[in-house]
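Notes follow once the structure below has been shown.
The values are calculated or read from the model by the stated rules, or taken from the named source; none is laboratory data. Please read these numbers as outputs of a predicted model, since none were measured by experiment. Please note: Cβ atoms are built from the backbone with ideal geometry, for glycine as well, and neighbour counts cover all protein chains shown. Accessible surface areas use protein heavy atoms only, side chains included; no ligands, DNA or RNA. Shrake-Rupley method; radii C 1.70, N 1.55, O 1.52, S 1.80 Å.
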Amino acid sequence: MSALHDETPIIVGCGFLGKHLAKQLQEHQQSPLCIVRSDQSRAALNTCGYDVYMFDLDDVNAAIKLELKQHQIYYLAPPSNIDKCDHRLDYFLSLCEKNPPSKIVYISTSGVYGDCAGAWVDENQPLAPISDRATRRVYAEKALINYCQRYDTDYVILRVGGIYGPGRLPIQRLSSLTVVCPQDAPYSNRIHVVDLANICYLTMVNDISNEIFNVADGNATTMTDYYYKIADFAGLPRPPCVPMSEAHTKLSASMLSFVQESRRLSTKKLHARLNINIQFPTLESGLEDCFSKQI
Ligand SMILES: NC(=O)c1ccc[n+]([C@@H]2O[C@H](COP(=O)([O-])OP(=O)(O)OC[C@H]3O[C@@H](n4cnc5c(N)ncnc54)[C@H](OP(=O)(O)O)[C@@H]3O)[C@@H](O)[C@H]2O)c1
């Protein structure tokens, strides 16, 4: 068994967000353990000086050689595409039954609210997932809450809008995209990865437990605005647009699934409970940061 200090924070699913979070934890003098499944991710994280443990949550026969106890867990791994539940989270929680973590910060998605016809939604909005992706998140949230109630573990669930940041912009895809024209475009929400990593850290270390928060920059725009702004920043042509009435035949399946939902995330609760300063409150400020780092 690998020996970890009880206070070692563990990042389960240390990908794009996880890397930014690991950096922030180091800046706060914490040394996280990063869990990933691929050798490639392990090597990349090792190069940055992080401790990494390779473990595939899809492989229920793999024995975990970590003693998981009383740790702070940031759970960032997405559900697999199988079924309408989250087998990975179920498996991970089963591994933590002997020594429950002290607290789990779980990244969910605002997709759990489904289509809200452009309304502002707070955390009391009824859950009405449309896509299988969002249905799995509703399952995962419930599974997490059940586990935490049973094992006396604190939890924070973050319902996050679209994550963007340096190195995570759809620039290559711009030339093959069709979007909904601005006047018809549904609302969508975003958060810069640096702000999200900071919110993950703050919800973990502050005295907040068993709470759910919407997370976005507070300035909802539209998917069309997002792609147009990226094109403008990159000096590339804006993608062509079609009216909503033609979306079913002209948009890709993934784009269609996004434009069938419209909502604006209220982040009042987040600001009321946490003393946060959103560094990139608008797409313009966030994209300026991304492009100054040459993406
Ligand atoms: N992108 C968005 O706009 C958005 C919006 C809301 C919420 N989210 C959610 O936010 C979370 C973090 O997003 P992200 O962009 O950082 O994701 P990401 O870059 O895709 O990273 C996911 C991480 O999970 C690990 N992982 C995946 N399957 C695993 C398995 N079977 N066993 C162990 N580890 C596994 C991956 O390891 P490997 O690298 O080794 O494969 C990777 O480190 C995800 O849950 C995502 O679904 C995303």
Computed on Cα atoms only, the convex hull of segment 134-175 has an orientation-averaged projected area in nm² of 4.6
Springs between alpha-carbon atoms under 10 Å, Gaussian network over the chain: tell me which of ASN210, ASN219, ASN124 tops the mean-square fluctuations.
ASN124
Using all C-alpha to C-alpha distances in segment 1-149, build P(r) with 10 Å bins and read off the rounded percent in each one.
11, 38, 34, 15, 2, 0
In nm², what is the average projected area of the convex hull enclosing the Cα atoms of segment 66-166?
7.7
For segment 181-261, what log10 I(q)/I(0) values come out of the Debye formula at q = 0.12, 0.16, 0.17, 0.27 1/Å, with one point per alpha carbon and no solvent?
-0.50, -0.75, -0.80, -1.32
Distance cut-off 27 Å, Cα to Cα: go down the list LYS19/LYS65; LYS23/LYS293; LYS250/LYS293; LYS23/LYS98 and report the pairs above it.
LYS250/LYS293; LYS23/LYS98
For the chain, take N as its residue count and report Rg(C-alpha) divided by 2.2 N^0.38 Å.
1.01
Accessible area of the chain divided out per residue, in Å², using a probe of 1.4 angstrom:
47
List the DSSP H helices in the chain whose Cα atoms stretch 15 Å or more along the helix axis and whose mean Kyte-Doolittle hydropathy is at least 0.5.
193-205
Between segment 199-254 and segment 50-121, the Cα center-to-center distance that results, in Å:
23
Would you kindly enumerate the cysteines in the chain that have no other Cys beta-carbon under 4.7 Å from their beta-carbon?
CYS48, CYS85, CYS96, CYS116, CYS148, CYS200, CYS290
For a test of the definition: using alpha carbon positions, the gyration tensor, and the 1.5 limit on a/c, classify segment 128-275 as rounded, prolate or oblate.
prolate
Qualifying trypsin sites (Lys or Arg not before Pro) for segment 149-211 [loop in DSSP, other Cβ within 10 Å: at most 11]
none
May I ask you to give the percent of accessible area on the chain that is carbon plus sulfur, with a probe radius of 1.4 Å?
48
Show me the trypsin sites (Lys or Arg not before Pro) within segment 241-295 that DSSP assigns to loop and that have at most 16 other Cβ atoms within 10 Å of their Cβ.
LYS293
Using the Kirkwood radius over C-alpha pairs as Rh, can you work out the diffusion coefficient of segment 24-88 via Stokes-Einstein at 4 °C, viscosity 1.567 mPa s, in µm² per second?
96
Å³ per residue of the Cα convex hull, for segment 114-213?
142
